[in-house]
1. Which cross-chain or sequence-distant (5 or more) residues have an amide H under 5 Å from the amide H of A:LEU23, H modelled 1.01 Å from N in plane?
2. What helices in chain B pass both tests, a Cα length along the helix axis of 15 Å or more and a mean Kyte hydropathy of -1.0 or higher, using whole DSSP H runs?
3. For region A:109-211, which trypsin sites (Lys or Arg not before Pro) pass both filters: DSSP loop (anything but H, G, I, E, B) and at most 16 other C-beta atoms within 10 Å?
4. For the protein assembly as shown, what is the calculated [θ] at 222 nm in deg cm²/dmol (nearest 500), taking -39500 (n - 2.57) for each run of four or more DSSP H residues and dividing by its residue count?
5. Expressed as a rounded percentage, what relative contact order does chain B have, with Cα pairs under 8 Å and six or more residues apart?
6. Cross-link list B:LYS187/B:LYS344; B:LYS297/B:LYS344; A:LYS43/B:LYS345: which exceed 32 angstrom alpha carbon to alpha carbon?
7. Could you state how much accessible area B:MET202 has, in square angstrom rounded to the nearest 10, with a 1.4 Å probe and all protein chains kept in place?
8. Taking +1 at the Cβ of each Lys and Arg and -1 at the Cβ of each Asp and Glu, which of B:LEU221, B:PHE339, B:ALA118 sits farthest along the dipole of chain B towards its positive end, judged by Cα position relative to the Cα centre?
Amino acid sequence: MRALFSGAGVAAGYGERMVFDDLTFTLAPGRFYGLLGPNGAGKTTLIDLLLANLAPRSGEVLFRGLPLGSYRRAALALEIALVPQEFRLNFDFTVREVVMMGRHPHLPRFASPGERDRLLVDQALVELGIADLQDRLVTRLSGGEQQRVVVARALAQDTPVLMLDEATSSLDIRHSLHILGTLKRRCQEAEGERTIIAAIHDLNLAAAYCDEILLLDQGRLLIKGPPAEVLRPETIRRVFAVDCQSFAAPGSGAYQLAYRYQ
Amino acid sequence: MPRSAAPRPASAALALKPPFSLLLAGLGALLAAGLVLAAGLGYIAIPAREVLAIILARLGHGVAGDAVTRAVVLDVRLPRILTAALVGGNLAVAGVIFQAILLNPLADPYTLGVSSGAAFGASLALLANLAWLGGLSVPLAAFAGALLAVLAVLGLAGGDRSYAGNSLILAGVIVAAILSAGIGLVKYLADEQVSVIIFWLMGSFAARTWADVGLVLAAGLLTLGLGLYHGRDLNVMALGERGAASLGLDTARLRKRLLIVASLGTAVSVSVSGIIGFVGLIVPHLLRLLIGPDNRKLIPAAGLMGAILLLLADTISRAMLSREVPVGVLTALIGGPFFCLIFKKKLGRGA
């Protein structure tokens, strides 16, 4: 299968600070990828590389076989959506208006939203369980509600690739499971047409939902593979410096970790 | 919908929002009526009907009214009134644009040091008694000063790849502080010209000409046009750097372009009228309460409302007070406390 993203010998960083010096990876279409690693491991930097927000100092990142830098921004917005880590809005847009902004790349400059745009927005609002908030002002919502609005906006963008940068870190567990479950379902139903790349802090959530995990540490890609292969207790001890045991979750049988609490 | 029946402050506000086209038409009509009325007010009172007849006759290349009245309306009052209205519209539109690209509802042309730059340039020209370009010397010097100030602010803030809101405002404050000291020095050195400089700095529309009208109109159309063209982009900018970029915006380029054009609009305005504050801040604020934050609506509405506001302020200062008060002082006296009110409310809301 042709790679969706690939990078070879990529060096990248911000200003003086280099994060990667020799990163090589391949991401296939249709999978749910989790980016894991301790703080500062390079998760956000990798996402910035994949979004063409950051140009590699050397090496190349390819998207569908072409260098990311050769795509126009507007063209990339039809392919890749992002749920950013930080979200703050200083203007009183309504929930629906913000979700409709996800249709921005699809709409010609002076066009009004059409039937399909409204449909995708409605669908995203319902899927995230915020349909009854749609006329509320985003600035008046709680942090968790705002985060769901941002995810809905990215879903309304209706792109083959969806990236999430710690999108569930400010949510309570019910909404985290709801969002990750929704994404997982979208990914599976599209049968290879939808790829999710999510930086996730919680190892067990990542293990439960991701098809494959990329474990990053200090600017290196340590391992890539299914959760049960990547998140072995000895690896976790080496990278995160915590002790744990693995077990299969009752019911789902998902690979999970139980930490040894001190 | 039981949950949506719970407290919904937004829906209450929505119910009060007038249809946008009606608001725009209303503002347009108000401005047109205001222009005619204002042209009749002053030392020589002229009935609105006669003002209208003179204007219409002039537009049709005809002649109406007696020579003195005609001269008062066409050569004295209209240039001044139109300049005031255009400067108001310019400053308000520039305010909307600055706020949108800096993601800060409290930003305005002055936060960026544009007006200080223009004021510094103009006071230098007044000090040197420049006359090599005739009447355009002072406006051109102000314009150059404003541009240099913008370039300095952009250069100072542009180190971190994007013009992230806070560093840009900080850079604006620093540059403005330095320029203010510069203006102080010019005033100290000025001796005889000092009163001219001080009066210009306070902001006034006295003795404006049709050349001023043309200059501000050209800058205003450019700012308005580009603002409308990028209206939806400006909405998306509100999502922040990464969010806007992921929706296809080249944020750094868009920000730079709009910053430059809005600065041009401000600089030209300041160069013909001196420092007139708070219009670019208050008008967008009031309009957001009425029609929401959509920049596609805010920009044209702000142009009209800014024009009305400054026309009103100039008319009060020109025709209603026993002694002419510089309009910049008037807007600051009314606008300052108003700004404090908004600021306090914003803090209380925890925004």
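1. A:GLY9, A:VAL10, A:ALA11
2. On the way: long enough: B:20-40 (30 Å, 2.18); B:48-59 (16 Å, 1.46); B:78-102 (35 Å, 1.68); B:114-128 (21 Å, 1.61); B:137-157 (30 Å, 2.27); B:165-190 (37 Å, 1.80); B:210-229 (28 Å, 1.62); B:251-273 (32 Å, 0.85); B:279-291 (17 Å, 2.05); B:295-315 (30 Å, 1.07); B:327-348 (31 Å, 1.35).
Span-like helices in chain B: B:20-40, B:48-59, B:78-102, B:114-128, B:137-157, B:165-190, B:210-229, B:251-273, B:279-291, B:295-315, B:327-348.
3. Details: sites: A:ARG109, A:ARG116, A:ARG118, A:ARG136, A:ARG140, A:ARG148, A:ARG153, A:ARG174, A:LYS184, A:ARG185, A:ARG186, A:ARG194; in loops: A:ARG109, A:ARG136, A:ARG194.
Of the trypsin sites (Lys or Arg not before Pro), the ones in loops of region A:109-211 whose Cβ has at most 16 other Cβ atoms within 10 Å are A:ARG109.
4. Details: 25 runs with 335 residues, N = 613.
After summing the helix terms and dividing by the residues of the protein assembly as shown, the value is -17500 deg cm²/dmol.
5. On the way: 522 pairs, mean separation 100.1, N = 351.
RCO, chain B: 29 percent.
6. Details: B:LYS187/B:LYS344 35 Å; B:LYS297/B:LYS344 26 Å; A:LYS43/B:LYS345 39 Å.
Check vs 32 Å cut-off fails for B:LYS187/B:LYS344; A:LYS43/B:LYS345.
7. Its accessible surface works out to 70 Å², give or take rounding.
8. B:PHE339
The values are calculated or read from the model by the stated rules, or taken from the named source; none is laboratory data. These numbers were taken from a predicted model, which means no experiment stands behind them. Quick reminder, even Gly has a Cβ in these numbers, built from the backbone with ideal geometry, and neighbours come from all protein chains shown. Only protein heavy atoms, including side chains, enter the accessible area calculation; ligands, DNA and RNA are left aside. Shrake-Rupley method; radii C 1.70, N 1.55, O 1.52, S 1.80 Å.
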